[in-house]
Structures are given as C-alpha cells and as structure tokens.
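Quick notes on the structure that follows.
Derivation of every value follows stated rules applied to the coordinates shown; laboratory data play no part. Quick caveat, the model's predicted, so the values are computed rather than measured. With ideal geometry, Cβ positions are generated from the backbone for all residues, glycine too; neighbour counts draw on all protein chains shown.
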C-alpha cells in the first residue's frame with residue numbers, strides 16, 4: 001500500500017541555521033508533491049508544490065527538492081526563525097481534483 | 001488561493017447526539033470539497049470527497065451513515081457526525097482546491113469532543 005514517511009522525531013535547530021526535513025514515499029508515483037505548515041489546533045497552510053518533472057522549487061527562504069528515483073523530497077528553510085516553529089507535512093497527489101495523501105508531519109522547533 | 005471558513009472551531013457534545021460542521025468557500029465556487037480527520041500526532045486522513053449536487057465519495061472504512069455529508073451549493077458543504085461516540089472525538093478539517101496544480105486551502109478545523 002502507499003506509504004509516506006516523515007521523521008516523527010522533532011527537529012530542533014538554532015535560529016539562523018538551515019532546517020532540512022525529509023519526506024520518503026513507497027508504492028506510489030505521484031504527479032506532484034506538496035508541503036504544508038500546520039500550527040497547533042489549526043488547519044494546514046499550503047507552502048509549495050513541486051511537479052514530478054521538476055527537481056527543485058524555491059520560494060523566499062524555502063526550497064524543495066524532488067527525487068523520483070529515490071522517492072524522496074527534501075524541504076529546506078534557510079535562515080530559520082523561531083516563527084518557523086511548526087509541524088510540516090508533505091502530501092502526494094496523483095494530479096487532477098483528486099485526494100492528497102499526507103505524511104504524519106515533522107515538528108520543527110527553532111530556538112533563539 | 002481560495003478562502004475557506006469552517007464553523008464551529010470547537011464543539012463538545014454528549015454521546016449519542018449529532019453534530020453538524022459547516023465548511024464554506026467564501027470566494028470560490030467549489031464543486032468539490034474534501035473532509036479530513038486528524039488524531040493527535042497523526043496524519044490527516046481523508047474521510048470523503050464532497051461533490052456539489054451529488055453523493056459524497058467515502059474512503060474505505062468510513063461509515064457513510066455515520067458521517068453524513070451534504071454539498072447543496074457551490075459554497076457550502078456540511079459534515080454531520082451522527083450518534084457521536086467518544087471515539088469520534090477528533091479534529092475535522094475541510095479543504096478545497098482551485099486548480100489541478102494549486103495547493104489545497106484548508107479550513108481552520110473543528111475540534112470535536114464527545115463526552
């Protein structure tokens with residue numbers, strides 16, 4: 001069955017450093033991969049989408065890579081700030097108005 | 001992206017009663033809305049896809065008679081948890097997307113506690 005794995009352990013980093021989160025998947029060939037931010041008690045907020053034929057996508061301090069051979073995506077936050085502390089979810093989609101499959105998320109804590 | 005309003009943000013109900021959760025697309029006519037459920041420290045699990053003017057499509061293992069979905073207009077979908085039990089206590093979230101290559105916009109979620 002389709003499976004998405006994100007590091008369940010919280011990632012603790014120092015302010016100003018680059019945070020790198022990993023998303024691995026199996027038994028799936030997604031048309032795209034998305035990253036979301038979720039704060040406690042809130043719905044997820046869309047950050048970035050990367051298509052299967054794209055290697056890298058950037059948006060301000062965010063960078064996402066997508067390796068369909070390794071079945072892995074890396075999510076980077078450069079010059080991290082305490083305000084970046086949240087849970088980050090990756091999600092895979094087949095394309096079209098279809099359902100997303102979510103990973104469990106990785107909690108990021110940025111310390112001043 | 002779209003703007004989605006979900007109401008209520010939290011609700012406490014007694015076991016055996018029914019609870020209705022509303023999801024409104026404020027600036028976008030959504031023919032499709034998605035309902036998710038999230039337990040603490042777990043991923044979002046899709047419960048059903050709500051289709052305007054037709055029956056919802058439920059995911060495997062989700063009881064359609066227990067989780068009633070109505071999508072009567074292009075801007076409103078409702079999820080009714082019928083005969084709620086403590087195990088239905090969870091965080092329920094709706095979402096829409098405006099395009100195939102756009103991200104999904106989520107509501108703020110509803111924390112349901114059944115006592």
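Annotations for the structure displayed:
- Averaging the sequence gap over all C-alpha pairs within less than 8 Å and six or more residues apart, then dividing by the number of residues, gives segment B:1-55 a relative contact order of 29 percent.
- Two-decimal log10 I(q)/I(0) for the protein assembly as shown, as the Debye equation yields it once each C-alpha is a single scatterer, q = 0.09, 0.10, 0.17 Å⁻¹: -0.37, -0.46, -1.23
- At q = 0.13 Å⁻¹, base-10 log of I(q)/I(0) for chain A (Debye sum, equal scatterers on each alpha carbon): -0.45
- DSSP beta bridges confined to chain A are antiparallel in about 90 percent of cases.
- Across chain A, Cα pairs under 8 Å and at least six residues apart give a relative contact order of 36 percent.
- Taking every alpha-carbon pair under 8 Å whose residues sit at least 6 apart, chain B reaches a relative contact order of 37 percent.
- Fraction of beta bridges assigned by DSSP in the protein assembly as shown that are antiparallel (%, nearest 5): 90
- A straight line joining the Cα centroids of segment A:18-48 and segment B:57-100 runs 22 Å.
- The mean count of C-beta atoms from other chains within 10 Å of the C-beta of residues in B:36-44, rounded to a whole number, is 5.
- Convex hull of alpha carbon positions in segment B:5-92: directionally averaged projected area 5.7 nm².
- Taking other C-beta atoms within 10 angstrom as a stand-in for reagent exposure, B:76, A:21 fall in the order B:76, A:21, fewest first.
- Shielding of peptide A:39-51 by partners, expressed as the average count of other chain Cβ atoms within 10 Å per residue Cβ, is 5.
- Residues A:80, A:8 in ascending order of nearby Cβ atoms (within 10 Å, fewest first): A:8, A:80.
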